[in-house]
Amino acid sequence: MKDAETVLEIMKKDYGVEDELAQEALRTAVIIMREPGQAREKLLAARMVLDFTKSKPVTKSEVSVGKAEEFLATLLMAEALNEEEQLDEPEVSRDTETPIH
């Protein structure tokens, strides 16, 4: 039980666990993880603690969407810069006919 209290104090400090019910749930999960017993209960308790303390990895689709959005934003910026450059350039008459002398 003392081990669970120590772990809970660390979690409160590192993860800002202020809610009494969350503290009790984490304390119980740590106790279950430390006691001898069925592996299933230990794994469920461990998962609860991990779900609370660690963020899940980003899925591939979220990364792909982010990259696609960046790509589209880059295209739009390049187009806007291209349009600005065309507006800034003085218009030069380019006569392709050769004058007769």
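See the values below:
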| quantity | calculated |
| --- | --- |
| GLY37 being more than 15 Å from THR53 (Cα to Cα) and surrounded by fewer than 12 Cβ atoms within 10 Å (Cβ to Cβ) | yes |
| Where a residue in region 22-40 is in contact (Cβ under 8 Å) with a residue 12 or more places away in the chain and its partner, wherever it lies, is of a type in the set (D, E, K, R) and surrounded by 14 or more Cβ atoms within 10 Å (Cβ to Cβ), with Cβ under 8 Å and at least six apart | GLN23/LYS12; ILE32/LYS42; MET33/LYS42 |
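Residues are listed down the side, and each one gets a yes or a no for (1) at pLDDT 85 or above; (2) surrounded by fewer than 10 Cβ atoms within 10 Å (Cβ to Cβ); (3) in contact with a Gly (Cβ under 8 Å, 6 or more places away or on another chain); (4) not hydrophobic (A, V, I, L, M, F, W, C):
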| site | (1), (2), (3), (4) |
| --- | --- |
| ALA22 | no, no, no, no |
| ALA29 | yes, no, no, no |
| MET48 | no, no, no, no |
| THR53 | no, no, no, yes |
| THR59 | no, yes, no, yes |
| THR74 | no, no, no, yes |
| GLU85 | no, yes, no, yes |
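The values are calculated or read from the model by the stated rules, or taken from the named source; none is laboratory data. Predicted model, so just to flag it, every value in this text is computed and none were measured. Neighbour counts run over all protein chains shown; Cβ positions are idealised from the backbone, glycine included.
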